[in-house]
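Here's the structure, in structure tokens; my notes come after.
Only the coordinates and a few stated rules stand behind these numbers; no lab work does. Here the structure is a predicted model, which is why all the values come from computation and not from measurement. Ideal geometry is used to build each Cβ from the backbone, glycine not excepted, and the neighbour counts take in all protein chains shown.
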Amino acid sequence: MSLLSLTLLAPLVAAAAILVLRRASAALALAGVLLGFLGAAGLLFGAARGDLLQAALPGLPQMPLRLTAGPLTALLSALVATVAALVVVYAVGYMRKDPEKPRFFATLLFFVSAMQALVLAGDWITLLAAWELIGFSSYLLIGFWHGREGVAGAASRAFLYTRSADLGLYIAAFILIGSAGTSEISAGLTTGGVAATIAGLGLLIAAMGKSAQVPLQDWLQRAMAGPTPVSALLHSATLVAAGAILLIRSAPMMPAGVLTLIALVGGVTAVITGLMALAERDLKRLLAASTSSQYGLMLLAVGAGAPIAALLHLLAHAAIKSSLFLGAGVFQHDRDSTNLSDLAGAGRARPGIFAGFALSALALAGIPPLAGFFSKDAIIAASLAAPGALWLVPLALIGTVLTGAYMARALRHLWRGKPPGRAERAPWMAAGMGLLVVPAAVLGAGFPAIEGLLNAAPPGGEMAVALGLAAAALGLLAGWFIPAPRLLGGLLPWAQGGFAVAGGMRGLVLRPALAIAALTETFEQRLYNGALATGRAMLSLGRISRETDETGIDGAIFALARRTRETGARARRLQSGLIHRELALTVLGIALVTAVLLAAPLYS
Amino acid sequence: MFPLLTLATFLPLVGAASVMGLAGRGGSRAHGISIATTGLVFLVTLAIWARGTAPGGFSQIEEITWIPSIGAAYRLGVDGLSLPLILLTSLLFFLSAIYSARVDDRPATYVVLMLMLETASLGTFAALDALLFYVFFEVSLVSMYFMIAGWGHEDRQRAALMFFLYTLLGSLPLLLAILGLFLGSGTFDMRVWVDAPQLSGLAAMLALIAMLFTFAVKIPSFPVHTWLPAAHVQAPTVGSVILAGVMLKFGTYGLIRFAFQMTPAAFSQAALVILVFGVFSALYGAFAALAQSDLKKMVAYTSVNHMGYVVMGVAVAGLTVDPQLRAVALDGATLQMISHGLVTGALFFLVGMLQDRAHTRAMDDFGGLLGRVPWLGWAFILSAFASLGLPGLAHFPAEFQVFLATLNIQPWAVLAVLAIVITAGLYLRAIAAVFLGAPNDKWAAMPDLDRRELWVILPLLALIVAVGVAPGMLLGMIHATMAAL
């Protein structure tokens, strides 16, 4: 319990402290992520000893919020904490001169908290809440330099894409809570039948949004408008990982049909975004496309029935890709650009950083004994063993060839080109990146321990090793020696256009939505005018009745009053005030009354 | 027991009387009295909250005989449905009083109208006698009419008249329904009507239809919502806050208290139709909001969307026999009323603050304001994300429960969940147009929120986060009542 709260709350408290104090933000951020790291490490040790830490917090009635630190979740929590700590170390250097540093660190730490809540979630509501909150903090971080052109659009797009896909998670959560009668994830995963199929499809859609899978891949490349540490943490190792994590956790529930679809989505993404990476002219966007492609390989593994292979690749990729991004950030600082042509030769100016970058690139391509070699072999082996091997193996292998090709291309651009100038020292950035390159290189040695912890063995075999090595080598050589346009041939314009079909999201979703909105507005105007016309009609009805009143009833009443007044005026003439005339009238009156009385017997 | 409910309900009238007594002494005195009175009322409602409610049935009953021959009496009381709304009402009036401290156009009259409106609103939620309820319900219209007509914007006369005619005509059927229920039971005691259905068959259905018509206008639900954007755009800021935050809840409160509780069998029969209207309103409101470029009108249309979810929640509750699911749906619908009051209140205040500074509400007139007015900008961003249903903020727990119940009762109706993407899109567009991007030099001298404005907005933001993170503080009370319905 205390370890759970340390893991979750240390970054959150640090974020709040930074926002309140507005100074010493870097030191507070370091303290927050280091404490969080200690908590996560404690959880992992506990899980290795066989503990199952759980906590329930008050949430909705009969649906408490739950946190669970079992083997898988503790491992993922440790991964998040490690990458976060090292990226913050790097960011201390990267953001040194930025005046809005407190806001940056506070948002980054908030993100880390939300991500920890996501991996440790024990119920669907916590998972869904954390899932949306990491999307929100990603929006804030992509939009960090909100005054720059194009940034607002990139941030909005990222949030909208992922939120649209999140509907899948909403639906899946509603179905699974409804059918299990509780919001616990472990109970929901025992669901079967049609409910499991629909929920599984929902989860797949949600994962496609977060992990930037085809056709929802476009937001990730635009997200590179944010600061580079954000790209390293969110858009390679954590936020994007959430999609794969979700599918790895829910793999036991997935029916065969959904698994096939997952593999298909992953395989197609691995190839398509791999081609996009090869065609890219910007280093950060190349790495972003590569991220989509690698997560495609992970989905392929999940779909092939080997979530453990996906998990191993997720761990390896987290270390590899974040160190690649951190390296790209150093070069970006040197050249004030991430355009590949501007970065020509940037690697020579910083041989140390370039060596780390190259090591990670080779690890991603799958060169032994680096981490990516083992995980990629596991994926290829999984596809060989899967029922759909006939089409899964080619997709996995093409993905691997493309990985080698685009990484070799990036290395070549960084190494060749104009002679280097002197670069100023960047100790924080070098430290953060250096510490990430180490696991990128040697994590493979730890895989058996992880497999033991999770009690799952990935598929293997010489066939997979041979195929994987051949594909990696082929890709690296082709990427280094053959220019990308020649490699891509007729696919080049497609790859540069992001393989947008029918106008992409803009044409398929945005325009119809705006058209419906415009239609609604037109209708709304009619409705309003209709209501107004009805109101006017009623008012004129009122006016008619007023006129009737004035000319008719009022007229009658006024006429009556007028006649009374006239009668009165006539009567007044009798009241002249002249005594003699009054007396005469009185006598006349008395005479009349007397006459009437006297005459009474005659007519009674 | 000291009659706290009566005190809270009529304290504003005492304040109004003292303002009238001191007429002509300048605006600051009137505003001082208004802030003190509404603040006191807020404290009294907190005390009412501290006394708590009992699960099942009403508590803190205050009763005085009035017209015994027809069973009408002065009856007040609260349960888990009305108490949260009473708290919301007193809070929003208190903050509105602080916000309007700068109104210098006939301040005494303005304050008197606002205080009268507070009495009417609190009375509407607290009344347990149908005749009393109807009186409060109608009186609120009058104050709001004069508020819009007297202190509104350019086209206020027409909007005020439309609002008045619409809602006045709309409330006549309710009177018929109340008379019908009276004839069936011989009393105006709402507790009797709630405890056992007094009408059945055709009579119950006719009464339900009459009530639904009234409340649909008030909620407002498609297609009788057209008064809402017009009234909101023209109303003064406080008018919009009270209208959206408090008065729309008359409709949803009536939907549960009258339609759902008093004619349950007829409600279940009609629930599918009501659900269709709810789903359509939710989607329609979202798309209509997407089409707006006027910030205030946009926020107004999102009310149609959010109140549509409330209608959905109540409708699916009428469609299920599973008590647990029904409680989830009603919990969500009730919490959604509170969340909408807090979030939309905050948004209308913020748009008002922006309009006070710029004298325009068109989002394309702005740009890059976040660097210029960070407090205003971040407050708007937080409120906007709350409105689009971000977890950790007020709307999420409410909407989650409504959708959860909907999917498990009428799966097709969860179609309305699409609206959360539309609202996300429209708020992100508004944020990007007003606060992000290159700064517009026109507003280089715009001042950030001053202390008075922070006093208005910070409590709302804090509560938006509090309800989102710990909905239990309200849901405990709501659930105890709803589980017993």
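How do A:45-51, B:166-172, A:518-524, A:312-318 rank on mean C-beta neighbours within 10 Å, highest first?
A:312-318, B:166-172, A:518-524, A:45-51
In cubic angstrom, how much convex hull volume per residue do the alpha carbon atoms of region A:9-48 span?
Cα-based convex hull of region A:9-48, divided per residue, equals 36 Å³.
How much FRET efficiency would the formula 1/(1 + (r/R0)^6) give for A:Val20 and B:Asp105, where r is the Cβ-Cβ distance and R0 is 41 Å, rounded to 0.05?
With R0 = 41 Å, the Cβ-Cβ based efficiency is 0.55.
Where the only charges are on Cβ atoms (+1 Lys, Arg; -1 Asp, Glu), what is the dipole of region B:263-485 about its Cα centre, to the nearest 20 debye?
Rounded to the nearest 20 debye, it is 140 debye.
By its C-alpha gyration tensor, with a ≥ b ≥ c as the square roots of the eigenvalues, how is region A:32-191 shaped: rounded for a/c under 1.5, else prolate for a/b larger than b/c, else oblate?
Because a/c hits 1.5 or more and a/b fails to exceed b/c, region A:32-191 counts as oblate.
Roughly how many nanometres apart are two label points built 7 Å out from the Cα toward the Cβ at A:Ser2 and A:Ile482?
Label-label distance for A:Ser2 and A:Ile482, simple model: 6.1 nm.
If I fit a long axis through the Cα atoms of helix A:256-279 and take the longest principal axis of the Cα atoms of chain A, what angle between them do I get, 0 to 90°, rounded to 10?
80 degrees
Provide the descending list of Cα extents for the protein assembly as shown along its principal axes, expressed in whole angstroms.
148, 59, 55
Once you treat every alpha carbon in region B:61-160 as an equal point and sum by Debye, what is log10 I(q)/I(0) at q = 0.12, 0.22, 0.24 Å⁻¹?
-0.49, -1.13, -1.23
Does anyone have the angle between helix A:241-250 and the longest principal axis of chain A? Alpha-carbon axes, 0 to 90°, nearest 10?
90 degrees
In Å and on Cα atoms, what radius of gyration and Dmax does chain B show?
Spelled out, the Cα radius of gyration and Dmax of chain B are 21.2, 71 Å.
Sticking to Cα atoms, compute the Rg of chain A to one decimal and its Dmax as the biggest Cα-Cα distance, whole number, in Å.
Here Rg and the maximum Cα pair distance are 38.7, 148 Å.
Which residues does a label at B:Ala50 reach in region B:100-134, if reach means a backbone N under 11 Å from a point 7 Å past the Cα toward the Cβ?
Counting only backbone N, you get no residues.
Just checking the output field for B:165-177: average partner chain Cβ neighbours within 10 Å of each residue's Cβ?
For this peptide, the per-residue mean of nearby foreign Cβ atoms is 1.
Can you give the convex hull volume per residue for the Cα atoms of region B:226-273, as a whole number of Å³?
72 Å³
Partner chain Cβ atoms within 10 Å, averaged over the residues of B:468-481 - can you pull that number for me?
2
Give the residue from A:Phe558, A:Gln525, A:Pro512 lying farthest towards the positive end of the charge dipole for region A:510-575; charges sit on Cβ (+1 for Lys and Arg, -1 for Asp and Glu) and the dipole is referred to the Cα centre.
A:Phe558
What ranking, highest mean first, results for peptides A:53-60, A:564-571, B:210-217 when packing means the other Cβ atoms within 10 Å averaged over each residue?
Numbers: A:53-60: 17.0, A:564-571: 9.5, B:210-217: 23.9.
Result, highest mean first: B:210-217, A:53-60, A:564-571.
Efficiency by 1/(1 + (r/R0)^6): what FRET value for A:Ala584 and A:Ile544, r their Cβ-Cβ distance, R0 = 60 Å, to the nearest 0.05?
Plugging the Cβ-Cβ distance into 1/(1 + (r/R0)^6) gives 0.60.
Let me have the 222 nm mean residue ellipticity of chain A computed from DSSP H runs of 4+ only, each contributing -39500 (n - 2.57), with the sum over all residues rounded to the nearest 500.
Computed ellipticity for chain A at 222 nm equals -25500 deg cm²/dmol.
What is the angle, in °, between the Cα long axis of helix A:25-48 and the longest principal axis of the Cα atoms in chain A? Nearest 10 is fine, range 0 to 90.
70 degrees
Compute the length gained on full extension between B:His153 and B:Phe2: take 0.36 nm times their separation in residues and subtract their Cα-Cα distance, giving the result in nm to one decimal. Show your work: numbers first, answer last.
On the way: separation 151, 0.36 × 151 = 54.36 nm, distance 4.28 nm.
Using 0.36 nm per residue and subtracting the Cα-Cα distance, I get 50.1 nm.
Using 1/(1 + (r/R0)^6) with R0 = 51 angstrom and r between the beta carbons of A:Val593 and B:Ile70, what's the FRET efficiency to the nearest 0.05?
The formula returns an efficiency of 0.40 here.
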